[in-house]
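Input: a single structure, listed below in structure tokens.
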Amino acid sequence: MKDTDIKRLFYAHLFCVFSIILTTFTPSLFLEDFSVLETHLTWMCICSVCVTIVNVVLYLLIKPNPSSKRSSISHKISRLLKSCVYFFISCLLYHAIIVLYGAPLIELMLETFLFAVLLSTFTTLPCLCLLGPNIKAWLRVFTKNGATSIWDNSLQITTLSSVVGAWLGAFPIPLDWERPWQVWPISCTLGATFGYVAGLLISPVWIYRNRKQLTYKSR
Amino acid sequence: MRLGSGAFAASCVVIELLGVAVFLRGFFPVSVRSASRARLLPPAPEPAAGTSSNWTQLPPPLFRKVVIMLVDGLRGDFVFGSKGVEFMPYTTYLIEKGFTHSFIAEAKPPTVTLPRIKALMTGSIPGFIDAVRNFNSPVLLEDNLIGQAKTAGKRIIFYGDDTWIKLFPKHFVEYDGTTSFFVSDFREVDDNITRHLDNVLKREDWDMLILHYLGLDHIGHVTGPHSPLVGPKLKEMDYILKKIHISLLSKEREASLPHLLVLCGDHGMSETGGHGASSVEEVSTPLVLISSAFQRKSGNFQPPKHVQQTDLAATLAVGLGLPIPKNSVGSLLFPVVEGATMREQLRFLHLNSVQLSRLLQENVPMFEKDPGYQQFKESEKLHGNWIKLYLEGNNSEVLLNLGRKVLKQYLNALKTLSMSLSKQVAQYDMYSMMVGTVIVLEVLILLLLSTPKALCQKAEFEIPLSTSLLSLLFFLMLLILSAVHVIICTSAERSCYFCSISWLMAVGVMMLISALLCVILSFLTNTFENVRPPAKNQAASSSSWSGLDLLILFGTLGHVLSLGASSFIEEEHQTWYFLINTLCLALGHEMCRNHFLGKDFDHNLTMEGDFQKDTEKILQYKNDHVDVPEYNKTHKLPSSLELPEGYEKWLGLASPWLILICCRLLRSLNQTGVQWAHRPDFGHWLTSSDHKAALSVLAFLSLVMIFILVQRRCSPVSKVAMALGLLGIYCYRAAFGNVFLPWQRDNKDISKGIIEARFVYVFVLGILFTGTKDLLKSQVISTDVSIKSRGLWEIYSGLVLLAALLLRPHNLPILVFSLLIQAVMAKCIWKPLKHDAAQITIMHYWFGQAFFYFQGNSNNLATLDVSAGFVGLDHYVELPAMFLTAFATYIGPILWAVHLLSFLSSENTSRNSAMGHACFCYAVICSIPVSAYIILVTSLRYHLFIWSVFSPKLLYEGMHLLLTATICVFFTAMDQTNLIKP
């Protein structure tokens, strides 16, 4: 493992964090009365679109995994389509899990779905970018000791921290503080976002500190 | 002494139960009440030094008719503040012109209607425990004003909130109750009362009229105290008051006594419109007494004085010539009787102070030292002297002045007496609480310290009881504690429960405390001396901490921490639903990994070494948290050897999702808690009369499903009994009018279904008996393990039948889903994934807790389903009713615990220790929250919500611990049979 790899990872993550911070401030320049809490749905849309774009651009720029041998256009397109389908399925799956966790089934459907989309952007999208639409690879990465590169490690950390952030974000909802951010799903989206950002920042540091122990076995 | 972990845990929980009982006794102050409930004391004669007075009877009434107009949720400033001036012009006019005596009456929390009505009519402060004690009998049994008035032959008419009719079922000659159920109804509730007024006010055939208006409270609940709807409602109330007042005035004749009109509120309203707690807005209510008898005060209008709500009962009793209710802690509102002669005034005050001092005598052991009592004795003596002078015909100015002096003394005495009585209710008995807490904490520490040993393979360990009992430390501790006990009890000013029990018992408890301490210390020294070297090994061996273990650990810790916040207690069901959902997802993840990566798993294991450093780090962190129930389990990684194929595999993969869907459905069956309790749910939809057919179909299907799920492991006889029993349940519900019977179209006569219910009870007892017989057989003859597991299953199915009888029909799906989830988890999750006894126990506990809330329970006493106590009984019988209510409330935890027992006995026949482990884990997982909660409650005892939120939860926790103790004892009994056999 080279230090340059970690450096690249670090800069890429920093860029992601920066883009998320931008989404909270820039839209108020273009949109009237925009704020993260009050027009939360707009922010959620902007944030997921922005994170998607940044992720895709970074993937195209950095190309962490050497591309496979067959790189015909039709293959690429089929991969792209497959990725889109996978992304959509993951949104639905997240939506189902959120409803199973107790979110209202019919009311606030849009809010719940956008939360699912946001969560998918934080978790599924990087997976799609890095691993491609390949379930076997996903399962490998998300088992203990399944990582084969620092990118896999960072994927593990950011995904886990986003999900845990969203999970922890549900806790303030029953409290009777009557704050605007306690409304469904704001605390959860904020939790997921903070979790994602924390994961982005922590993973390069963690990988750097543990670089001696991390020896990857080639597949 | 050698003990199995099960027996050890059971005895620990029993001791803990004792500690909790002592704590509860200290925490819940017993309300001040007179013991002589039955006999009516003759009124105290007028004191007269030497001579005998001719006034020995009760004084005659001051008022002929009394109208009490109670406006629910009327806040102090609605009458006396700017709103009153604006919207209640007539009342304000009366107050300012001095036709009235007006006060701000302070209500004691809980500021809810029922206890407030009790306080107004009995003059006592209902203690928290009274609410529980009188839960099953709605009738007010305490001595009260209405009862006294009825005995005296007064005719009482009541219109308004039907709570009154439940409290006083046979007291009113005429009544019309309105229900306060529909909060969104602002007009109808009040119009239903007002429509009677014209008629009643014309008539002469009543002495007391009580009106309870609900509209204002409803407006408050829905829109808050500052909504535009409040003004018109106050105007309406003002108009009604004017109408009553004018009508009363017009009927007053010269010769007869005057009338009295009382305007009061039962509680106030917070700034958001709710009530129940103890903020200033909620406790301040207006109290306006209007009568032509009152002397008009000169112009200057003074702000109303602050008095207690309980004072009204004594005042009304005096005004109507009735004896003051025995348990009243209120003092007479003196301005009301100011118009009477000096002798009469003194007489009234004397009666009131005699009543209060009697109450004090019966409730305070050292009442002679009470300043109020001393003042009372003093003033009684002066009063006697005054009467003597008076009877001698002395009638000078000096006598009048002397009378005024006695009067002042009396008023002071009353105030002090009333204060010290009220204080009696609101004080914590810290000493008893401390003793209870110490016992509970010691037991918890003991349990946690012994966790590693208890969960080892043998599930047996040595308890250094005899050595610690003979140690010097034990005797020293005992001596010190006894000395402390003597010092505290001799210096205590007020009554203390722990001091009032016999000294033998007290010494017994002290011995228990010091013995526990000694055992803990010897445990600790043992651990430090012996276990040091193998500690490393242990750490290495337990490196197989799975995500599931972490989830269980953090879930338990998180739940305990969440008990510190009142909102989390109110919404505790959310915590449990959240935890079991996460548990199911974790299980699903494990399942996936097991199925898809089973082959790669062994391969991956070789790479474990890379992560050795991190795991060690995490382990060190884990070791800091000693309270890990599953400390050194030998949790084997799921092996890939026996992976089921095809259909089985997909069933296994789908099972967590199936459980999740079941939980989601159950969750929408009963909305519970506080914040979202008003949301529509299936339960309400089903119970509404429009959907009776749907409910019938659902109940029938559920009963069929219950039969299908239960019968698979029953003996043929029990199968038949089960089927008949379930049929009986449907007939019972049909007789009760909940569901349709296909062949019975005209169910006009709704019986209580007593015969049907008793029919079911016979089968329940029969099945339980068969189960017990099997268990005894397996113990005595010890032939076959399968007999034992079958016996346990029969007991389980008997309990299921009883639960099906007691649950309301719309809750029957809960039972079905519970059985379904248990079956699915047993078949697809616990067996293939090879969870160990500790993990299975904790999962059972979590699901049991979640099902407790699925049933519609909450941490509030209001959701207790009391009707279960009346199933099959034609009148209230205390013992069975209490048992049935408790069982019906805790159906979820009980069924899951019994299922755990039967599951373990059928599965782990090879491992004897499983039962002991399970019992131990169950004990630990239940005692951690109880102990933490006791400490939390002690530190939060002056919290605003202590009575509305924390205390009910404390009662639930105490009850849950009692249940746990029973379950653990049962476990141990089963475990013993297993130990005897080999």
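The values are calculated or read from the model by the stated rules, or taken from the named source; none is laboratory data. Remember, it's a predicted structure, so these values are computed and weren't measured experimentally. In this analysis, Cβ positions are derived from the backbone assuming ideal geometry, glycine residues included, and neighbour counts consider all displayed protein chains.
Among the residues of the range B:94-105, is any under 40 Å from the mean Cα position of the chain (by Cα) and part of a loop (DSSP other than H, G, I, E, B)?
No, the conditions are met nowhere in the range B:94-105.
So A:PHE113 fits all but one of (1) within 15 Å of A:TYR94 (Cα to Cα); (2) within 14 Å of chain B (Cβ to nearest Cβ); what number is the exception?
(2)
Results for (1) out of contact with any Leu (no Cβ under 8 Å at 6 or more places or on another chain); (2) in contact (Cβ under 8 Å) with a residue 60 or more places away in the chain; (3) within 14 Å of another protein chain (Cβ to nearest Cβ); (4) closer than 21 Å to B:HIS589 by Cα, shown as yes or no for each residue.
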position: A:LEU155; (1), (2), (3), (4): no, no, no, yes
position: A:ALA166; (1), (2), (3), (4): no, no, yes, yes
position: A:LEU175; (1), (2), (3), (4): yes, no, yes, no
position: A:ARG179; (1), (2), (3), (4): yes, no, yes, no
position: A:THR189; (1), (2), (3), (4): no, yes, no, no
position: A:TYR208; (1), (2), (3), (4): yes, yes, no, no
position: A:ARG211; (1), (2), (3), (4): yes, yes, yes, no
position: A:LEU214; (1), (2), (3), (4): yes, yes, yes, no
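Counting only residues that are over 18 Å from the mean Cα position of the chain (by Cα) and part of a helix (DSSP H, G or I), which one in the range A:168-205 is nearest to B:GLU571 (Cα to Cα)?
A:GLN182
Would it be correct to say that B:SER858 is under 22 Å from B:ALA677 (Cα atoms) and either in a helix (DSSP H, G or I) or in contact with a strand residue (DSSP E or B) (Cβ under 8 Å, 6 or more places away or on another chain) (or both)?
no
This table checks each residue for (1) on the phi > 0 side of the Ramachandran plot; (2) crowded, with 19+ Cβ neighbours inside 10 Å; (3) modelled with pLDDT under 90; (4) not polar (S, T, N, Q).
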| residue | (1), (2), (3), (4) |
| --- | --- |
| B:VAL435 | no, yes, no, yes |
| B:SER450 | no, yes, yes, no |
| B:GLN457 | no, no, yes, no |
| B:GLU462 | no, no, yes, yes |
| B:LEU476 | no, no, no, yes |
| B:THR490 | no, no, yes, no |
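Might you check whether a residue that is modelled with pLDDT of 90 or more, surrounded by 19 or more Cβ atoms within 10 Å (Cβ to Cβ) and in a loop (DSSP other than H, G, I, E, B) occurs anywhere in the range B:43-58? Show your work before the answer.
First pass over the range B:43-58, keeping only residues modelled with pLDDT of 90 or more: none.
Checked against the condition, which is being modelled with pLDDT of 90 or more, surrounded by 19 or more Cβ atoms within 10 Å (Cβ to Cβ) and in a loop (DSSP other than H, G, I, E, B), the range B:43-58 yields no hits at all.
Any chance the range B:678-686 includes a residue that's without any contact (Cβ under 8 Å) to a residue 24 or more places away in the chain, under 24 Å from B:ARG593 (Cβ atoms) and either within 11 Å of chain A (Cβ to nearest Cβ) or over 23 Å from the mean Cα position of the chain (by Cα) (or both)? Show your work before the answer.
Residues of the range B:678-686 without any contact (Cβ under 8 Å) to a residue 24 or more places away in the chain: B:678-681, B:684-685.
Next, only the ones that are under 24 Å from B:ARG593 (Cβ atoms) stay: none.
Within the range B:678-686, not a single residue is without any contact (Cβ under 8 Å) to a residue 24 or more places away in the chain, under 24 Å from B:ARG593 (Cβ atoms) and either within 11 Å of chain A (Cβ to nearest Cβ) or over 23 Å from the mean Cα position of the chain (by Cα) (or both).
Would you mind stating whether B:ASP874 is touching a residue at least 12 places away in the same chain (Cβ under 8 Å), out of contact with any strand residue (DSSP E or B) (no Cβ under 7 Å at 6 or more places or on another chain), surrounded by fewer than 18 Cβ atoms within 10 Å (Cβ to Cβ) and of a type in the set (Asp, Glu)?
Yes: the conditions hold for B:ASP874.
Evaluate the range B:700-707: report whether one residue or more is loosely packed, with under 14 Cβ neighbours inside 10 Å, modelled with pLDDT of 85 or more and within 30 Å of B:LYS788 (Cβ to Cβ).
The answer is no, given that none of the residues of the range B:700-707 is loosely packed, with under 14 Cβ neighbours inside 10 Å, modelled with pLDDT of 85 or more and within 30 Å of B:LYS788 (Cβ to Cβ).
With respect to A:LEU80, is the statement that it is farther than 17 Å from A:THR159 by Cα, away from chain B (no Cβ under 12 Å) and over 15 Å from the mean Cα position of the chain (by Cα) true?
Answer is yes for this residue.
May I ask you to list pairs of residues, at least six apart or on different chains, whose Cβ atoms are under 9 Å apart, with the first in the range A:82-105 being touching a residue at least 40 places away in the same chain (Cβ under 8 Å) and the second being loosely packed, with under 14 Cβ neighbours inside 10 Å and among the hydrophobic types (A, V, I, L, M, F, W, C)?
What qualifies is A:TYR86/A:ILE135.
Looking only at the range A:126-148, filter to residues that are in a loop (DSSP other than H, G, I, E, B) and within 14 Å of chain B (Cβ to nearest Cβ); which one of those is farthest from A:GLY199 (Cα to Cα)?
Per the criteria, the residue is A:ASN134.
Based on this model, can you work out whether A:ILE98 counts as modelled with pLDDT of 90 or more, within 14 Å of another protein chain (Cβ to nearest Cβ) and outside any loop (DSSP other than H, G, I, E, B)?
The answer is yes for A:ILE98.
Could you tell me which residue of the range B:564-586 is nearest to the other protein chains (Cβ to nearest Cβ), considering only residues that are surrounded by fewer than 22 Cβ atoms within 10 Å (Cβ to Cβ) and not in a helix (DSSP H, G or I)?
B:ALA565
Quick one: would you say B:GLY872 is touching a Ser or Thr at 6+ places or on another chain (Cβ under 6 Å) and modelled with pLDDT under 90?
For B:GLY872, the condition - touching a Ser or Thr at 6+ places or on another chain (Cβ under 6 Å) and modelled with pLDDT under 90 - is not met.
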